[in-house]
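To keep things clear, I will list the structure first and then write my remarks on it.
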Amino acid sequence: MEPPKKSGPPRRPGSGGPRRPTGAKPAPASRPARPPVKKARTAPAKPANPHPARAAAAASGKNEPQRIAKLLARAGVASRREIERMIEEGRITLDGEAVSTPATLLTSLHGVAVDGNPVAAPAPARLFLFHKPAGFLTTERDPRGRPTIYDKLPADLPRVMPIGRLDMTTEGLLLLTTDGEFKRQMELPSTGVPRTYRARAFGEVSQNQLEDLFDGLEIDGIRYGRIEANLERRTGRNQWIEMTLTEGKNREVRRVLEHLGLQVNRLIRTSYGPFHLGELASGAVEEVRQHDLVVFRKSLGKP
């Protein structure tokens, strides 16, 4: 007697693999997870072709090389912008050869000369307080021959650079430094060092209007940040206003007060960070103690 035939469609020849024996148990649906394999840590990749100056410094254990413009500014030769101009004029040499680019990397100023004079290693930064009188430009030279702060500074003062600027008609505290890198750091908006001014302005303004400046404002497409302003006193139609700001945009105090309908007829900067004008006479210079300067520089960049 023949066994009964299975129902279902006929099996295609050659399809499928060997049949599982009847009664065999099906394979488990999933296998237990294997423990994760720990990958060996690899050292960070090094640049395939490091700059020769960086490679030489790493091999000899010297300091990280820096741009020659930065080193010269740090040594108080000039600002970075001025140094770039001097390089274009061929005034800066390295081992007797003219430097062609301010991006030249060096670990020191050994062999560097300006106008044929060797550059000494940078001395510790120095900072001076200068009571700038009105009527002097905050610049080294003026094509029109107008007086500059350098015409007013004492002859025995070392070569200094102004930190920021004061308009020709603005008077008060101007910081001077021998260190170009410190100058640049102070002038960055991100540093946020507060400056305080006293302005005498003609016109009418209320304390409420001044307090609105705390939220900042926009004038002719230029955004001005937070300003703390207080009405000190009135003398006739003149108002004495104290203003503290951190950005120091060009002519910021004058433009903001003019936006409020006031006409500034005298402007005095009374402080810059922790440094105050105090009783410093007009045209006088006073050096900041080295300890105070070191403490202040350490505080920069901290909240």
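The values are calculated or read from the model by the stated rules, or taken from the named source; none is laboratory data. What you see is a predicted model; the values in this text were computed from it and never measured. All Cβ positions, even for glycine, are placed from backbone atoms using ideal geometry, and neighbour counts span all protein chains on display. For accessibility, only protein heavy atoms count, side chains too; no ligands or nucleic acids. Shrake-Rupley method; radii C 1.70, N 1.55, O 1.52, S 1.80 Å.
Miscellaneous remarks
- Any hit, the stretch 270-279, residues being over 17 Å from Phe128 (Cβ atoms), surrounded by fewer than 17 Cβ atoms within 10 Å (Cβ to Cβ), in contact with a Phe, Trp or Tyr (Cβ under 9 Å, 6 or more places away or on another chain) and without any contact (Cβ under 8 Å) to a residue 40 or more places away in the chain: no
- Residue within the stretch 194-203 that is of a type in the set (S, T, N, Q), within 26 Å of Leu175 (Cα to Cα) and surrounded by 15 or more Cβ atoms within 10 Å (Cβ to Cβ) present: yes
- Number of positions in the stretch 263-280 that are among the hydroxyl-bearing types (Ser, Thr, Tyr) and within 22 Å of the chain's Cα centre (by Cα): 2
- Filter result for Arg233 (touching a residue at least 24 places away in the same chain (Cβ under 8 Å), exposed (fewer than 15 other Cβ atoms within 10 Å of the Cβ) and more than 23 Å from Val160 (Cα to Cα)): no
- Where strands (runs of 3 or more DSSP E) fall wholly inside the stretch 150-252, the ranges with 1 or more residues that are in contact with a Ser or Thr (Cβ under 8 Å, 6 or more places away or on another chain) are 171-177, 195-202, 228-235, 238-245.
- When residues of the stretch 123-138 are limited to those that are open to solvent by less than 60 Å² (accessible area, probe 1.4 Å) and outside any strand (DSSP E or B), the one farthest from Glu287 (Cα to Cα): Gly135
- Verdict on Arg255 being under 18 Å from Asp167 (Cα atoms) and surrounded by 12 or more Cβ atoms within 10 Å (Cβ to Cβ): yes
- Residue pairs meeting the criteria (Cβ under 6 Å; at least 6 apart or on separate chains; first modelled with pLDDT of 90 or more, in the stretch 68-94; second part of a loop (DSSP other than H, G, I, E, B) and open to solvent by 70 Å² or more (accessible area, probe 1.4 Å)): Arg91/Asp115
- Residue tally, condition of a type in the set (Val, Ile, Thr), modelled with pLDDT of 90 or more and open to solvent by 40 Å² or more (accessible area, probe 1.4 Å), over the stretch 95-112: 1
- Residue in the stretch 151-158 that is more than 23 Å from the chain's Cα centre (by Cα), more than 26 Å from Leu188 (Cα to Cα) and in contact (Cβ under 8 Å) with a residue 40 or more places away in the chain present: yes
- Candidates Asp151, Asp156, Asp115, Asp179: the one that is touching a Lys or Arg at 6+ places or on another chain (Cβ under 7 Å) and open to solvent by 40 Å² or more (accessible area, probe 1.4 Å) is Asp115.
- Residues in the stretch 78-92 that are under 18 Å from the mean Cα position of the chain (by Cα) and part of a loop (DSSP other than H, G, I, E, B): Ala78, Ser79.
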